[in-house]
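Peer 1: Below is one structure. I have some questions about it.
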Amino acid sequence: MKGLWPPSTPTGRLVVTTRRREAALVRRDRPLVEVGVFTEDEALGYLTAKRALTTTEEVAQWRALAADLGRLPLALAQAAAFITDKPLLTVAGYRDRLADRRKTLAQVVPGPGELPDEHRATVAATWSASIEHADGIPPVGLARPLLELASLLDPAGVPVAVFTADAILDHLAARLEDRVAVDDVHDALGNLHRLSLVALDPSRSARVVRVHALVQRAVRDSLTSDHLARLARTAADTLLAVWPDEDTDAGLGLALRSAAITLHTRTTPALWNPGGHPLLLRAGQSLDDTGMLTEALAHYEVLRDEARDHLGPDHPDTLSTGRALAVAKMRSGCTAESLTDLERLVADYRRILGADHPETLSTRNDLARGRITARDFAGAVAEFRLVVGDSREALGADHATTLAYRPNLVGALLAAGERSSVTGELELLEADCERALAPEDPEGMVIRGRIADWWGVVCGAAGAVVAHERLVDSRTRFPGPDHPDTLAARDTLATWRAESGNAERAVIEYERLLDDRTRLLGPDHLDTILNWNDLAILRTRTGDAAGGVTEFERLLDHCLRTLGPDHPQTLTARDNLAHCRAEAGDVTGAVTELEQLVQDRVRLLGPDHPETRSAQRALAHRRGDPSDRFEHIRRARAQRLADFRRDRA
């Protein structure tokens, strides 16, 4: 081709098509045009040209099929030909075949002699040669195993860190019988990208690695059931390892949740063998922690049913999923139902594991907390006393778990009005923690933080300030002034300082904390942005509502630039700006802002999401029209469960 591409002639045009994308193909006189999949309208237009669509239902079915196939032109052509050649096969029936994990991709496209539009190979065969070629490019042998792992995860993209985690590197090293470095993985992913088997987009930090769903399907079809099960457990280990303890990055949390749920859907029952993989509950915890209560309920209900089917009703993992579901019900306002479930679970734990087993004690602790929610304060106090006593007998008085139950007893005593008992209990608990738990003990740090919070409840904000000053001093010494736990303690101290009436000093502390978080984490880190948000709120509370509006406008502009218009924190900043406008006297502007916020949350989260309903309640409040707090969860729960079951069928 040398000297012929492009042709040295002033007329004519030469077009070369390739699945490859690499620097050597690009020159100034040889422009590269990326051709992606069809848009939704293009896909429907193509299918309409193939078949006359006369009814709204037909159009909807073909549109749904285009989405199932990722609007890939090659796949659409072959699917349309397959359906046309089978007069009794409906589009809905074809979609069912396509979704059936028991059928391979080759079973839902035309055979080699039936291909349309002068195609020379089926969808699966088109990629097989590319996969083989990619696997032969140095580092040899890495492309295929990486693509196998990617075929189990979310096609919309996963973080690149998933492919460089220790569990994956160990898996690859065992496969190649040689050491595999992170750079080797990066190079192999680059080879897959060059041959259009994956798409790498470093600008999408949480979803760098994307693979078309049909490429994934073709790769999975080549795996034996045993190999698929091993890969599933390896992928689950990896997702759990890279998942941070707290979902402070909404984009990363969403990507990991999607990857986890996709993995489970595509490999069931692999993650239930030999027992339930912890990743399953971690995905539910992420939904719960981010306020997606209806989705968390549906997720846990499906897990509980699957655990019963695969492990039996008395397996510890079946009990764990049932407990997670019961706690989620409590958080969503289904208190009576949750208490019934927890009472049944406590009886099961006693029967199966014994009365003093840690899981039994922990479930009894959940039951006691539920009694507080149900306003059965006397019952909660009695239950917590028993839990603390039994934990002391089973684990020891100085065990971290026993000490961790005691702040719950303090809360129950306060709720029951037994304030005279609380001060002595707190003093004794504080002394026991100092004696039994080292300063660097992670559980000890949590317990000390809860003790400080309870001092605030017992003694008021001034008492909380004193307690949290001690906590900040302790954490500054260990784990150090720049540790996230120390920064979090300073954040809480500033909050209590404002509650105590010393707003001016609280503003100064928030400003210093914001400077430190900007220095340590960067201006775009979510903790930094949340700090800025709290500072703006506090400035508004000092009486400078107009200044608060200006501060929130600056914060919103920063969120729009760094996080994008649809990020949860961007929406939160807009929510706070609306309320700040109202405080400044601009109720009309606040209503306008909230109306737009409601529309965006409906678009992004759906009408029944808790945050959507929260925005609707805020709007109703500004209009003087209150609404029910939990009704949206109860109404949406059945539909969410039906959706989860359909997606996992």
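The values are calculated or read from the model by the stated rules, or taken from the named source; none is laboratory data. Computed from a predicted model, the values in this text were never measured in an experiment. In this analysis, Cβ positions are derived from the backbone assuming ideal geometry, glycine residues included, and neighbour counts consider all displayed protein chains. Ligands, DNA and RNA are excluded from the accessible area calculation, which covers all protein heavy atoms including side chains. Shrake-Rupley method; radii C 1.70, N 1.55, O 1.52, S 1.80 Å.
Peer 1: If I fit a long axis through the Cα atoms of helix 400-415 and take the longest principal axis of the Cα atoms of the chain, what angle between them do I get, 0 to 90°, rounded to 10?
Peer 2: Taking Cα atoms only, the helix is inclined about 60 degrees.
Peer 1: Which order do the peptides 329-341, 431-443, 56-68, 208-220 come out in when sorted by mean C-beta neighbours inside 10 angstrom, highest first?
Peer 2: On the way: 329-341: 18.8, 431-443: 13.5, 56-68: 16.0, 208-220: 21.9.
In decreasing order of mean packing, 329-341, 431-443, 56-68, 208-220 become 208-220, 329-341, 56-68, 431-443.
Peer 1: Put +1 on the Cβ of every Lys and Arg and -1 on every Asp and Glu Cβ in region 361-412; which of Asn365, Leu395, Gly379 then has its Cα farthest towards the positive end of the dipole?
Peer 2: Selected residue: Gly379.
Peer 1: Sticking with this one: Would you mind counting up the charge near Pro31? Only other residues with Cβ under 14 Å from its Cβ, with Lys and Arg at +1 and Asp and Glu at -1. Could the numbers behind the result be given before it?
Peer 2: Details: positive: Arg13, Arg21, Arg27, Arg28, Arg30; negative: Asp29, Glu34.
Taking every Cβ under 14 Å from that of Pro31, the sum is +3.
Peer 1: Just to be sure I understand the model, the point goes 7 Å from the Cα along the line to the Cβ. What's the resulting Val182 to His227 distance in nm?
Peer 2: 2.9 nm
Peer 1: For the ranges 584-595, 38-49, 568-579, what's the packing order if you count other beta-carbon atoms within 10 Å of each residue, average per peptide, and put the highest first?
Peer 2: Details: 584-595: 16.8, 38-49: 15.0, 568-579: 21.1.
Per-residue Cβ counts within 10 Å, averaged per peptide and sorted highest first, yield 568-579, 584-595, 38-49.
Peer 1: Roughly to the nearest percent, how much of the accessible area of region 403-452 is carbon and sulfur, given a 1.4 Å probe?
Peer 2: 52 percent
Peer 1: Helix 335-352 sits at what angle to the longest principal axis of the chain, using alpha carbons and giving 0 to 90 degrees rounded to 10?
Peer 2: Value to nearest ten degrees: 90.
Peer 1: Could you work out the Kirkwood radius for region 488-555, taking every pair of different alpha carbons, averaging 1/r and inverting it, reported in Å?
Peer 2: 11.9 Å is the Kirkwood radius here.
Peer 1: Could you please report the charge total around Arg505, scoring K, R as +1 and D, E as -1 over all other residues with beta-carbon less than 14 angstrom from its beta-carbon?
Peer 2: Details: positive: Arg490, Arg497, Arg512, Arg539, Arg541; negative: Glu469, Glu499, Glu504, Glu509, Glu511.
Result for the local shell: 0.
Peer 1: Starting from the coordinates of the alpha-carbon atoms of the chain, obtain the Kirkwood hydrodynamic radius over all distinct pairs and give the value in Å to one decimal. Please list the in-between numbers first.
Peer 2: Working: mean 1/r = 0.0349 Å⁻¹.
Result for the chain stands at 28.7 Å.
Peer 1: Next up: Where a Cα-Cα gap under 15 Å defines reach, which aspartates and glutamates qualify for Lys329, not counting those fewer than 8 residues away within the same chain?
Peer 2: Candidates past the 8-residue exclusion: Asp288, Asp289, Glu295, Glu301, Glu337, Asp341, Glu343, Asp366, Glu631.
Peer 1: Then there is this: Could you let me know the centre-to-centre spacing of region 386-425 and region 477-542, using Cα atoms, in angstrom?
Peer 2: 31 Å
Peer 1: Name all residues of region 542-581 having a backbone nitrogen under 19 Å from the label point set 7 Å from the Cα of Glu246 along its Cα→Cβ direction, giving them as ranges.
Peer 2: Only 568-570, 572-573 fall inside the zone, counting backbone N under 19 Å.
Peer 1: Could you give the accessible area per residue of the chain, probe 1.4 Å, as a whole number in Å²? Don't skip to the answer; put the middle values down first.
Peer 2: On the way: 31180 Å² over 649 residues.
Spelled out: the 1.4 Å probe surface of the chain, per residue, equals 48 Å².
Peer 1: Right, next: Can you give me the % of accessible surface on region 160-296 that is carbon or sulfur? Probe 1.4 Å, all protein chains present, nothing else counted. Each step should come with its number before you reach the end.
Peer 2: On the way: 2800 of 5500 Å².
Accessible surface attributable to carbon and sulfur in region 160-296 totals 51 percent.
Peer 1: Follow-up question, since we're still on this one. Roughly to the nearest percent, how much of the accessible area of region 28-138 is carbon and sulfur, given a 1.4 Å probe?
Peer 2: On the way: 3550 of 6640 Å².
That fraction is 54 percent.
Peer 1: Taking the mean number of other Cβ atoms within 10 Å as a proxy for protection, how do you rank 535-544, 380-389, 8-17 from highest to lowest? Walk me through the intermediate numbers first.
Peer 2: Numbers: 535-544: 18.1, 380-389: 19.6, 8-17: 7.2.
Order by mean packing, descending: 380-389, 535-544, 8-17.
Peer 1: Return the whole-Å distance between the Cα centroid of region 121-166 and the Cα centroid of region 13-49.
Peer 2: Using only Cα atoms to place each centre, the spacing works out to 22 Å.
Peer 1: OK, next. What's the magnitude of the charge dipole for the chain around its Cα centre, counting Lys and Arg as +1 and Asp and Glu as -1 at the beta-carbon? Answer in Debye, nearest 20. Write out the running numbers ahead of the final one.
Peer 2: Working: 81 positive and 97 negative charges, 396 e Å.
Using Cβ point charges on Lys, Arg, Asp and Glu, the chain gives about 1900 debye.
Peer 1: Now for a separate question. Mind pulling the angle between the C-alpha long axis of helix 610-623 and the longest principal axis of the chain? Nearest 10 degrees, somewhere in 0 to 90.
Peer 2: Computed tilt is about 60 degrees.
Peer 1: Using the Karplus curve 6.51 cos²θ - 1.76 cosθ + 1.60 with θ = phi - 60°, what ³J(HN,Hα) values do you get for each residue of region 64-70, in whole Hz, with x for Gly and Pro?
Peer 2: Couplings: 5, 5, 4, 5, 4, 8, x Hz.
Peer 1: I want to make sure I understand the PRE zone here: with the label point 7 angstrom from the Cα of Phe478 toward its beta carbon, which residues in region 443-471 have backbone N atoms less than 14 Å away?
Peer 2: Within reach of a label on Phe478: 443-446.
Peer 1: A further question on this structure: At 0.36 nm per residue, and after removing the present C-alpha to C-alpha distance, how many nm does the segment from Thr9 to Asp170 gain when stretched out fully?
Peer 2: Details: separation 161, 0.36 × 161 = 57.96 nm, distance 5.47 nm.
Length gained between Thr9 and Asp170: 52.5 nm.
Peer 1: Tell me which of Pro7, Ala125, Pro145 sits at the most positive position along the dipole axis of the chain, charges placed on C-beta atoms (Lys, Arg +1; Asp, Glu -1).
Peer 2: Farthest towards the positive end: Pro7.
Peer 1: What is the distance in Å between the Cα centroid of region 197-246 and that of region 328-347?
Peer 2: Between the Cα centre of region 197-246 and that of region 328-347, the gap is 35 Å.
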